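The values are calculated or read from the model by the stated rules, or taken from the named source; none is laboratory data. Please read all numbers here as calculations on a predicted model, not as lab measurements. Every residue, glycine as well, gets a Cβ built from its backbone with ideal geometry; the counts of neighbours run over all protein chains shown. Just the protein is used for accessible areas: all its heavy atoms, side chains included, with ligands, DNA and RNA removed. Shrake-Rupley method; radii C 1.70, N 1.55, O 1.52, S 1.80 Å.
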Amino acid sequence: MNLRNFLDQSFSNALVAAGAPEGTPGMVRPSAKANFGDYQSNGVMPVAKKLGMNPREFAQKVIERVELDGIVEKLEVAGPGFINITLTSDWVAKQLSDFDSRCGVDTQSSQTIVVDYSAPNVAKEMHVGHLRSTIIGDAVVRVLEFLGHNVVRCNHIGDWGTQFGMLIAHLEELMKENPEILESELSDLEEFYRESKQKYDSDEDFALRARGYVVKLQGGDQWCNDMWRKLVDVTMEQNQKTYDRLNVTLTRENTMGESMYNDMLPAVVSELKEKGLAEESEGATVVFLDEFKNKDGDRMGVIIQKKDGGFLYTTTDIACAKYRHEQLNADRVLYFIDSRQAQHLQQAWTIIRKAKIIPETMSLEHHAFGMMLGNDGRPFKTRTGGVVKLADLLNESQERAAALIEEKSSDLTAEQKQAVIDAVSIGAVKYADLSKNRTTDYIFEWDNMLSFEGNTAPYLQYAYTRVASVFRKAEVSLEDYQADVEIKEAAERTLALKLMQFSEVVDTVAKDGTPHALCTYLYELSGNFMSFYEACPINKEGVEGDVRTSRLALSKLVAQTLKTGLDLLGIKVVDRM
RNA sequence: GGGGGUGUAGCUCAGCUGGAUAGAGCAACGGCCUUCUAAGCCGUAGGUCGCGGGUUCGACUCCUGCCACCCUCGCCA
């Protein structure tokens, strides 16, 4: 159950019973300080003011009417009209004793939710700039599926555009020299792209041929399409290796690139014309929007078809949303895309809404993020001025993890070590990105990204291994352990309450698309467990009976919640490290 | 010029429809391993929340005016 929502509803009811208007929110949230109880309701003060009543007196009336018998131990009016809520330990213990493998998280009424993420470009290698969309998108996908939603992963890859002319022309030349090029030398896509560009810029004949291929490709020419398909395939084959290594759930079936909507574009343009939204302007087809202004202060024109007949990506995005409505039947679409595209998306969505291309109830949500900067505050580059490849970052992380494990975990077998290295190195990189909520540019720093101490994935993984270790020492099965929870010590109570709150944070992540909230939660849970571990021994002299079994039960719940939570983030746990 | 975003500890970041004394990690300093894994625990220090007004019981949060930086604004995506 979502405890916070439950309490909020109880206080909302009590506020209404005490004379507040229907629907007055309880404004319940975890207390700011330990001596303010477990939760606090802030709903009294705003409403008492409106009603012209003394807030403290009104708070007292609310307390008298709230129905939380057996759940709440103490309700106190504090300060200007806060209500501090202290739960009974027995009730909390009972709830935890009844937890199943879902760690207290209920499923929600199922929606169809499209998540648009990753979106690498064809004929380019994935670099650190792709990390954020890929990792955050995948975490949100996992959370939504855990809650029972029907999630459609959409990898909106950059597989269309004029650049394919030069890429095809270059590939043609390379294949003349070596027909097996696709299996061998094309392993370095960055170089392939660079060479293509260089030839295009320096060789007239090549450029002419390239432009011709663009026309032929768009016209449906078989050979050009085959060449194009090869480029897409070889790129996605390489990207799949990165996805697998990152423990990202995307597969080839989720690839729905820009080209997929090509056939829909002419109809989208005619539809917008018919509805009176689009008009001819200087040879192009344009939608003028009052909602946006251009440099001259006039309403902004968004081109949906160029004067040469070509379509632009606003048109593609409109078609894409239409597709997601008509073919996928989406209730929500979450876009994990660079913040630089915010205005483009807004324009496309404004047109979509005006033309009523999708139902009003279908929500389009842009979860933006900024560029990756170096610690000098400038766009992040390597020493030679290139982008940092994702594979290189992961390799570096792997090396650092290997060195650390060699030093700290010498008693593990080679296989165990490798498992730890994989879990820790990938986890650290992912967590570093997942735990931030930047909507704008953010700083990439090797040492922060690859740190294994403090608020990092290895810390959470380490907490998990400590639980596993406790169970090994106790010689009982962690998986099957079942015992009632009893709360006596302060550290037990803090930990128990935190365990109760997993459901709240999972709901938040689903609603807002913000996995960093889950990171914060898991870090706090681990911290609470570490303190509990220090204060409340389990496998020691004099610890027996219900005290011991309850502590084991709490520990088991910690392990289960950590494992589940980390899995939602796409991070693996290990039993030893 | 229009629109959007950002500005919180030395550094990287949290701060949940306005709530109580603004929180973490890293870095710094001081304790804790013959006792369930020290990738840990406990503690100290560190702040004019960019600057000035305003709204109110209460502002990092809302309004307004500045400052700084970033993104974006008809035929790339």
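Brief remarks on what is shown
- Residue that is farthest from RNA strand B (Cβ to nearest atom), among those in the range A:31-53 that are assigned to a loop (DSSP other than H, G, I, E, B) and either open to solvent by 50 Å² or more (accessible area, probe 1.4 Å) or free of Cβ contacts under 8 Å to residues at least 12 places away in the same chain (or both): A:53
- Of all residues making up the range A:16-30, the number that are surrounded by 18 or more Cβ atoms within 10 Å (Cβ to Cβ) and within 10 Å of RNA strand B (Cβ to nearest atom): 4
- Residues of the range A:190-226 that are of a type in the set (Ser, Thr, Tyr) and either modelled with pLDDT of 90 or more or over 18 Å from residue A:121 (Cβ atoms) (or both): A:196, A:200, A:202, A:213.
- The range A:400-447: number of residues that are near RNA strand B (Cβ under 8 Å from one of its atoms) and open to solvent by 50 Å² or more (accessible area, probe 1.4 Å): 11
- Candidate set from the range A:54-113 (those that are under 30 Å from residue A:549 (Cα atoms) and of a type in the set (Lys, Arg)); member that is most open to solvent (accessible area, probe 1.4 Å): A:94
- Unmet criterion (only one of (1) charged (D, E, K, R); (2) outside any loop (DSSP other than H, G, I, E, B); (3) away from RNA strand B (no atom under 12 Å from the Cβ); (4) in contact with a helix residue (DSSP H, G or I) (Cβ under 9 Å, 6 or more places away or on another chain)) for residue A:106: (2)
- Subset of the range A:168-184 (residues that are touching a Leu at 6+ places or on another chain (Cβ under 7 Å) and at pLDDT below 90): A:181
- All of (1) outside any strand (DSSP E or B); (2) touching a helix residue (DSSP H, G or I) at 6+ places or on another chain (Cβ under 6 Å); (3) of a type outside the set (A, V, I, L, M) hold for residue A:137 with one exception: (2).
- Pairing residues of the range A:301-330 that are without any contact (Cβ under 8 Å) to a residue 12 or more places away in the chain and open to solvent by 30 Å² or more (accessible area, probe 1.4 Å) with residues that are assigned to a loop (DSSP other than H, G, I, E, B) and not small (Gly, Ala, Ser), at Cβ distances under 7 Å and at least 6 apart in sequence or on separate chains, gives A:312/A:306.
The rows are residues; the columns are (1) among the β-branched types (Val, Ile, Thr); (2) farther than 30 Å from residue A:114 by Cβ; (3) away from RNA strand B (no atom under 11 Å from the Cβ).
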{"residue": "A:453", "(1), (2), (3)": "no, yes, no"}
{"residue": "A:465", "(1), (2), (3)": "yes, yes, no"}
{"residue": "A:481", "(1), (2), (3)": "no, yes, yes"}
{"residue": "A:485", "(1), (2), (3)": "yes, yes, yes"}
{"residue": "A:497", "(1), (2), (3)": "no, yes, yes"}
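- Selection status of residue A:524, open to solvent by 50 Å² or more (accessible area, probe 1.4 Å), more than 11 Å from RNA strand B (Cβ to nearest atom) and among the charged types (D, E, K, R): no
- Check on residue A:286, out of contact with any helix residue (DSSP H, G or I) (no Cβ under 9 Å at 6 or more places or on another chain), free of Cβ contacts under 8 Å to residues at least 60 places away in the same chain and among the aliphatic types (A, V, I, L, M): yes
- Index of the failed condition, residue A:450 passing every other in (1) without any contact (Cβ under 8 Å) to a residue 60 or more places away in the chain; (2) open to solvent by 10 Å² or more (accessible area, probe 1.4 Å): (2)
- Residue A:73 being in a strand (DSSP E or B) and touching a residue at least 12 places away in the same chain (Cβ under 8 Å): yes
- Of the residues making up the range A:351-369, those that are open to solvent by 30 Å² or more (accessible area, probe 1.4 Å) and under 21 Å from residue A:279 (Cα atoms) are A:353, A:354, A:356.
- Test: residue in the range A:227-240 that is open to solvent by 30 Å² or more (accessible area, probe 1.4 Å), modelled with pLDDT of 95 or more and not aliphatic (A, V, I, L, M): yes
- Residue selection: residue A:94 fails the criterion of being at pLDDT below 95, basic (Lys, Arg), part of a helix (DSSP H, G or I) and more than 9 Å from RNA strand B (Cβ to nearest atom).
- Residue that is nearest to residue A:364 (Cα to Cα), among those in the range A:309-338 that are among the hydroxyl-bearing types (Ser, Thr, Tyr) and in contact with a strand residue (DSSP E or B) (Cβ under 6 Å, 6 or more places away or on another chain): A:335
- Residue among A:517, A:474, A:553 that alone is over 28 Å from residue A:86 (Cα atoms), open to solvent by less than 30 Å² (accessible area, probe 1.4 Å) and among the small types (Gly, Ala, Ser): A:474
- Selection from the range A:528-540 of residues that are closer than 15 Å to residue A:502 by Cβ and either open to solvent by 10 Å² or more (accessible area, probe 1.4 Å) or at pLDDT below 95 (or both): A:528
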